[in-house]
Amino acid sequence: MIKVSITISADSVDRLEDCLYEIAPSRWIILQNKIKLDFTLEGYFENDISTDEINKEIDLYFADILSYNKNIEIQQISDTNWTESYKIHFKPWSHKGFHWIPTWLENEYLIPEGGKSLLLDPGMAFGTGNHETTKLCLEEIVELNLDHSSKQNVLDIGCGSGILSITAAKLGYKNILGIDNDEDAVRISAENAIINDTKHNISFMNLGIELLEANIKYDLVVANIQSDVLIENKISIVNTTKTNSVLILSGILTMEAKSVEEAYSQELEKRKLSYNSVIKEDGEWSLIRFSISA
């Protein structure tokens, strides 16, 4: 494979991380040198790609963010360097007694007595819980579990690594469907369900939102996808909710949260449904929870 390295400024890191979230899964990652404290944007390509094609991709995704020298560093590497690189960014973390642990750290992480845990290898799929959007969803699912008596069916839209679906299964929810338009994400999600012995509770499908069956409704719907896709598919997503249900939306930049909340509020009101909405923020990212009733 070919590794492309571009030195980046510290003040561009946050914007680049947000950009990488929007295009995930992608071939790009951000690395920090712990000694020099500088940052590098790295991309991994097949051997037959040309320099012109690399530059076109950089311009497509990062032209508005980066000021970089076109004399970028390009070097040949073994394939294993890339396939293992995502592990650098996935660290164990916990919330209210639930622990999310990389599979390769299983024997190094002590789970307190009475705690629940999930082992995860995200591969190149989005969703480790270290990004604010996934973390917000996981915290909400855990907290909802504390006072939600009806643990029936769940829909996970944009399942990524399967982390939300598997967490719900570990908390006792049944009949979970995770969908994603990325075949690799669906495969990785299914593998993670097997690792966590939850495959009997979850189905993962390579499916677009528009292809969801309109006659199947869910007690809990979670959609961790970007704002424009949420708004574009608001009718299909609201149509998946039961009369008494919870809808969690994330993947939303904080500056876009009000417009997403308004779009979904209007759709719920069209259907003459009562609801309460709450916006929760983590830095530049937000989650919206709708509690829906008749």
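The values are calculated or read from the model by the stated rules, or taken from the named source; none is laboratory data. Note that the structure is predicted; figures quoted are calculated from it, not measured. Using ideal geometry, Cβ is built from the backbone for each residue, glycine included, and neighbour counts are taken over all protein chains shown. Only protein heavy atoms, including side chains, enter the accessible area calculation; ligands, DNA and RNA are left aside. Shrake-Rupley method; radii C 1.70, N 1.55, O 1.52, S 1.80 Å.
Per residue of segment 274-285, what does 6.51 cos²θ - 1.76 cosθ + 1.60 with θ = phi - 60° give for ³J(HN,Hα)? Whole Hz please, x for Gly and Pro, Karplus curve as stated.
Calculated HN-Hα couplings, in order: 7, 7, 10, 10, 9, 9, 10, 10, 9, x, 7, 10 Hz.
Let me have the 222 nm mean residue ellipticity of the chain computed from DSSP H runs of 4+ only, each contributing -39500 (n - 2.57), with the sum over all residues rounded to the nearest 500.
-9500 deg cm²/dmol
Could you tell me the distance between the Cα centroids of segment 204-234 and segment 5-55, to the nearest Å?
30 Å
Could you rank the peptides 205-211, 136-142 by their average count of other C-beta atoms within 10 Å per residue, with the highest value first?
Averaged packing, sorted descending, gives the order 136-142, 205-211.
Given the Cα-Cα distance of Ser265 and Glu17 and 0.36 nm per residue of separation, how much length would full extension add, in nm?
Gain on extension, Ser265 to Glu17, equals 86.3 nm.
Strictly over 25 Å apart at the Cα level, which of Lys91/Lys258; Lys56/Lys280; Lys170/Lys270; Lys96/Lys174 would you flag in this model?
Lys91/Lys258; Lys56/Lys280; Lys170/Lys270
Assuming a ≥ b ≥ c are the square roots of the Cα gyration tensor eigenvalues, decide whether segment 203-277 counts as rounded (a/c under 1.5), prolate (otherwise, with a/b larger than b/c) or oblate.
Oblate, since a/c reaches 1.5 and b/c is not below a/b.
What is the percent carbon and sulfur in the accessible area of segment 218-284, measuring with a 1.4 Å probe over the protein chains and ignoring ligands?
That fraction is 47 percent.
Which FRET efficiency, nearest 0.05, do Val278 and Glu73 yield, Cβ-Cβ r, R0 45 Å?
It comes to 0.45.
Any idea what angle helix 183-195 forms with the longest principal axis of the chain, computed on alpha-carbon atoms, 0 to 90 degrees, nearest 10?
Roughly 70 degrees, rounded to the nearest 10.
With every protein chain kept in the model, how would you rank His99, His131, His200 by accessible area, 1.4 Å probe, largest at the top?
Ranked list, largest accessible area first: His200, His131, His99.
With a 1.4 Å probe and all protein chains in place, put Phe39, Phe62 in order of accessible area, largest first.
Phe39, Phe62
Relative to the Cα centre, what is the charge dipole magnitude of the chain, using +1 at the beta carbon of each Lys and Arg, -1 at the beta carbon of each Asp and Glu, and rounding to the nearest 20 debye?
1100 debye
Just to be sure I understand the model, the point goes 7 Å from the Cα along the line to the Cβ. What's the resulting Ile54 to Ile216 distance in nm?
Result for the modelled spin labels: 4.4 nm.
What percent antiparallel are the DSSP beta bridges of the chain, to the nearest 5?
If I count the DSSP bridges inside the chain, around 60 percent turn out antiparallel.
Could you give the accessible area per residue of segment 143-205, probe 1.4 Å, as a whole number in Å²?
Per-residue value: 42 Å².
Short version: ³J(HN,Hα) in whole Hz for each residue of segment 204-213, in order, from phi by Karplus 6.51 cos²θ - 1.76 cosθ + 1.60 (θ = phi - 60°), x for Gly and Pro, what are they?
Ordered by residue, 3J(HN,Hα) equals 10, 9, 7, 8, x, 4, 5, 9, 5, 6 Hz.
Gain in length, Lys96 to Ser293, computed as 0.36 nm per residue apart minus the alpha-carbon separation, to one decimal in nm?
68.2 nm
Go through segment 1-46 and name the GluC sites (Glu not before Pro) that are in a DSSP coil and have 10 or fewer other Cβ atoms within 10 Å of their Cβ.
Loop-located and lightly packed - Glu46.
Hey, can you grab everything whose amide H is under 5 Å from the amide H of Ser117? Only 5+ residues off in sequence or another chain; H modelled, so Pro and N-termini drop out.
His99
Treat each spin label as a single point 7 Å out from the Cα along the C-beta direction, and report the Ile111 to Asp197 distance in nm.
Roughly 0.9 nm, to one decimal.
Val229 to Ile30: FRET efficiency via 1/(1 + (r/R0)^6), r the Cβ-Cβ distance, R0 25 Å, to the nearest 0.05?
0.60
Based on the alpha-carbon gyration tensor of the chain and its eigenvalue square roots a ≥ b ≥ c, which shape applies: rounded if a/c is under 1.5, prolate if not and a/b is larger than b/c, or oblate?
Prolate, since a/c reaches 1.5 and a/b exceeds b/c.
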